[in-house]
């Protein structure tokens with residue numbers, strides 16, 4: 001089930017927390033669960049999620065779900081709240097909100113949705129859970145709950161938001177299990193999230209009828225799963241009732257009918273998920289059948305998925321053939337351009353592949369996957385100076401992109417520049433939330449012996465800054481009197 005290894009990691013974190021001492025939240029009914037504390041808790045959970053194998057890091061899919069989420073957030077009532085959307089590699093239909101504006105979406109939800117408006121409807125519902133501060137309100141309402149630490153709370157919230165297996169794992173540990181059952185969203189929470197989410201969905205230009213349509217389809221699925229104990233995760237974490245569906249249906253009846261076509265990126269991302277997450281044989285059969293029988297929502301997306309699958313199978317001749325048909329259709333996007341450059345690189349890296357990336361980046365300069373692909377091609381060809389130029393140009397605009405620092409470190413390693421390699425790796429780790437790892441890399445850089453006086457002064461200053469931050473974190477983790 002979803003994130004089972006992560007729950008084990010967090011349970012160990014709780015044990016360590018009890019030994020070392022994390023901030024005691026005490027009787028939360030007497031404390032204010034501020035947005036800052038929410039974000040801090042969300043950051044703590046996300047540090048663990050990002051190292052879990054089921055965290056899906058594909059840049060194009062992640063950028064798509066964030067672009068969709070940002071479009072909805074921009075139409076919400078609380079634009080001050082920072083949101084981050086991420087994907088979990090899991091076939092279960094699910095999405096969940098975490099403290100601090102983090103919203104997780106299972107890949108299975110994207111594949112099961114029959115329109116982009118349906119996905120937007122789910123996201124708008126989750127956004128509403130955050131903007132209405134449902135998690136904070138539930139925590140504050142637990143009059144007698146003694147929450148031992150942020151780590152214990154992280155286990156409980158994550159368990160409540162994911163699956164029964166995860167919840168059982170958390171329940172095996174006393175404190176987290178004691179509160180996880182109280183962290184399921186109430187019917188009032190769900191109705192409020194439906195109401196607010198529906199308003200956001202309609203304001204963002206999506207089909208508001210997609211929300212009750214999606215809910216109805218899931219409700220019908222419950223009859224199939226009854227007695228089998230395997231209902232879709234979304235039904236377990238967001239209980240549906242006929243009254244709730246009827247309420248949403250009544251609300252959309254007063255809205256004007258709006259036919260909203262799916263965006264091409266939505267269809268391409270779905271095709272990419274199937275091409276990369278299914279077995280190559282199954283994916284090839286799926287796309288070939290959909291094209292031959294003309295059973296598809298988008299011919300362009302199906303052709304893209306088949307091309308990507310053939311490239312995955314190392315059938316470059318077949319991939320070239322399908323890509324030519326894809327381009328002949330006339331529709332284009334940065335994802336299609338990037339696929340073409342990947343094929344060029346697979347056929348034979350060199351001037352033609354480099355020119356492909358350069359041309360694509362002129363057309364789509366902000367598409368991160370194109371930038372990473374170009375840098376990776378240059379590194380594979382052992383052209384570190386050219387790779388560094390691309391990295392440093394991009395870092396002027398995207399100073400917090402840890403992936404750029406990782407590639408910068410790799411380029412410096414090829415050049416044999418130890419100081420610069422470890423300094424760049426330290427900056428990458430810092431932006432990934434790994435402060436101890438960052439400090440270690442800067443310490444190695446300080447001892448590298450190949451930095452000049454000014455570089456050594458800079459790395460020592462950075463070390464003092466990071467050590468101060470680490471000391472503040474440790475101070476915050478000292479034992480405090482526990483309420484009994």
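Here residue 33 meets the list (1) at pLDDT below 80; (2) exposed (fewer than 15 other Cβ atoms within 10 Å of the Cβ); (3) touching a helix residue (DSSP H, G or I) at 6+ places or on another chain (Cβ under 8 Å); (4) under 27 Å from residue 194 (Cβ atoms) almost entirely, failing just condition (2). Residues of the stretch 459-480 that are over 29 Å from residue 37 (Cα atoms) and surrounded by 16 or more Cβ atoms within 10 Å (Cβ to Cβ): 459 alone. For the criterion of being surrounded by fewer than 20 Cβ atoms within 10 Å (Cβ to Cβ), at pLDDT below 90 and in contact with a helix residue (DSSP H, G or I) (Cβ under 8 Å, 6 or more places away or on another chain), residue 78 passes.
Residue by residue, here is whether (1) without any contact (Cβ under 8 Å) to a residue 24 or more places away in the chain; (2) assigned by TED's automatic domain parsing to the domain that holds residue 190; (3) touching a strand residue (DSSP E or B) at 6+ places or on another chain (Cβ under 9 Å) holds:
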position	(1), (2), (3)
35	no, yes, no
70	yes, yes, yes
73	no, yes, no
82	no, yes, no
93	no, yes, yes
106	no, yes, yes
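Residues in the stretch 245-262 that are more than 18 Å from residue 218 (Cβ to Cβ) and either loosely packed, with under 15 Cβ neighbours inside 10 Å or in contact with a strand residue (DSSP E or B) (Cβ under 7 Å, 6 or more places away or on another chain) (or both): 250, 253, 254, 255, 256, 257, 258, 259, 261.
For first residues located in the stretch 448-469 and assigned by TED's automatic domain parsing to the domain that holds residue 427 and touching a residue at least 12 places away in the same chain (Cβ under 8 Å), partners that are surrounded by 13 or more Cβ atoms within 10 Å (Cβ to Cβ) and part of a loop (DSSP other than H, G, I, E, B) and lie 6+ apart or on another chain with Cβ distances below 8 Å form the pairs 450/417; 459/451.
Residues in the stretch 312-334 that are within 23 Å of residue 281 (Cβ to Cβ) and under 25 Å from the mean Cα position of the chain (by Cα): 312 alone. Within the stretch 104-113, the set of residues being surrounded by fewer than 23 Cβ atoms within 10 Å (Cβ to Cβ) and touching a helix residue (DSSP H, G or I) at 6+ places or on another chain (Cβ under 8 Å) comprises 111, 113.
Residues of the stretch 344-354 include none that is within 20 Å of residue 374 (Cα to Cα) and in contact (Cβ under 8 Å) with a residue 60 or more places away in the chain. The set of residues in the stretch 287-311 that are out of contact with any helix residue (DSSP H, G or I) (no Cβ under 6 Å at 6 or more places or on another chain), part of a helix (DSSP H, G or I) and more than 19 Å from residue 265 (Cβ to Cβ) comprises 288, 289, 292. One residue alone among 378, 404, 370, 395 is buried (at least 22 other Cβ atoms within 10 Å of the Cβ), outside the structural domain of residue 427 (by TED's automatic domain parsing) and more than 22 Å from residue 340 (Cβ to Cβ), and that residue is 404.
Within the stretch 251-274, the set of residues being touching a helix residue (DSSP H, G or I) at 6+ places or on another chain (Cβ under 7 Å) and in a loop (DSSP other than H, G, I, E, B) comprises 255, 260, 262, 263.
Could you check the stretch 335-375 and list, in sequence order, the residues that are out of contact with any helix residue (DSSP H, G or I) (no Cβ under 7 Å at 6 or more places or on another chain) and under 12 Å from residue 60 (Cα atoms)? Across the stretch 335-375, the qualifying residue is only 366. Applying the set (1) under 21 Å from residue 370 (Cα atoms); (2) at pLDDT 95 or above; (3) in contact with a helix residue (DSSP H, G or I) (Cβ under 7 Å, 6 or more places away or on another chain) to residue 314 leaves exactly one unmet item: (3).
The values are calculated or read from the model by the stated rules, or taken from the named source; none is laboratory data. What you are looking at is a predicted structure, and each value in this text was computed from that prediction instead of being measured. Don't worry about glycine lacking a Cβ; one is built from the backbone with ideal geometry, like all the others, and counts go over all protein chains shown.
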